[in-house]
Amino acid sequence: MSHEHFSSRVNGPTPHRPHRANHLEVSPRHLAGGGDPRHVTEYLLASGWRDHSVPCYPHVLLESPNQQVHLILEPTTPEPRTSWWRIHSTEHTGWSAGFGGHTPVEIVAGFADTLAGTAPATTCDLWQIAASRGWDLRRDGSQRAALSPDKTAVLARLRVPIVSDIPVWRWEAEVSLPLSEGRRHWLWGASIDASAPAAALAGFVAALTDPAPLYREADQTPSLTFGYLTHTPSALSAESARRPHNQRVEAARRTGPQPTGKPTATPPGSGPHRKR
């Protein structure tokens, strides 16, 4: 994942890397690597979210205009099972979502964009979305799952193992690569409470299973995906490839709610000495 985002902050124009010839279209998209975090954060800021990031501290903290949803992006250790992206609701019936560092930002945006209230709110059968893209649906009792065509990604709806009179469910995605002797190398994972907004869940599944390739530079793709990731040289320049994102941000700026004044309180966990 590119982290020039952290040194330049998330608000306002930021410089981009100069054009290079090794621009690629890569697929399947779940193996593309993290990409540029600004694909997510610039859109939310354009939609009226507030930036509570702490200067000189390597994390990003954004808050929705109604102060009910927080997004934290915090690179931690190289451990791939750690959630770098964390999104949670502060409402009484709160929900949370987490995404690993190698989660493509386009997939994170599939979930986060709907929370801005400026993206189309479409809901439908999540399993049907996966099946329509060639994912293999499987079932084991009450547990359901979908396997990607290349068999490196699994989407599942699992019951949370807690004592409760009411079943609690969570959507989880796991992306891993096969090794010898039946072992697998974990690349990234995502975990989203089933109580999260239905449109956000639909956006996540749609972005995860979309067969369209993603745009990356050669050094942005995980080295372990060699042999599993298809690379096609792109005829687009870096500026042309970024144009759809810039148009998306500009559309959000025109239609999204605008922040009014400062929040009455600093969101919890925004200080540099917060304990994890």
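The values are calculated or read from the model by the stated rules, or taken from the named source; none is laboratory data. Predicted, not measured: the structure shown is a model, and the values here were computed from it. All Cβ positions, glycine included, derive from the backbone under ideal geometry; neighbour counts span all protein chains shown. Each accessible area value is taken on the protein alone, full model and side chains, heavy atoms only, with ligands, DNA and RNA left out. Shrake-Rupley method; radii C 1.70, N 1.55, O 1.52, S 1.80 Å.
Multiplying the residue separation of Thr82 and Leu137 by 0.36 nm and removing their Cα-Cα distance gives an extension gain of 17.1 nm. For the pair region 47-111 / region 161-227, the C-alpha centres are spaced 16 Å from each other. Sorting Tyr215, Tyr43, Tyr228 by accessible area puts them as Tyr228, Tyr215, Tyr43; the probe is 1.4 Å, largest comes first, and only protein heavy atoms count.
By a 1.4 Å probe calculation restricted to protein chains, Ser132 has an accessible surface near 80 Å², given to the nearest 10. Among the trypsin sites (Lys or Arg not before Pro) found in region 158-209, those both in a DSSP coil and sparsely packed, with 16 or fewer other Cβ atoms within 10 Å of their Cβ, are Arg183.
Taking R0 as 30 Å, what FRET efficiency do you get between Leu158 and Ala218 from their Cβ-Cβ distance, rounded to the nearest 0.05? E(calc), rounded to 0.05, equals 0.25.
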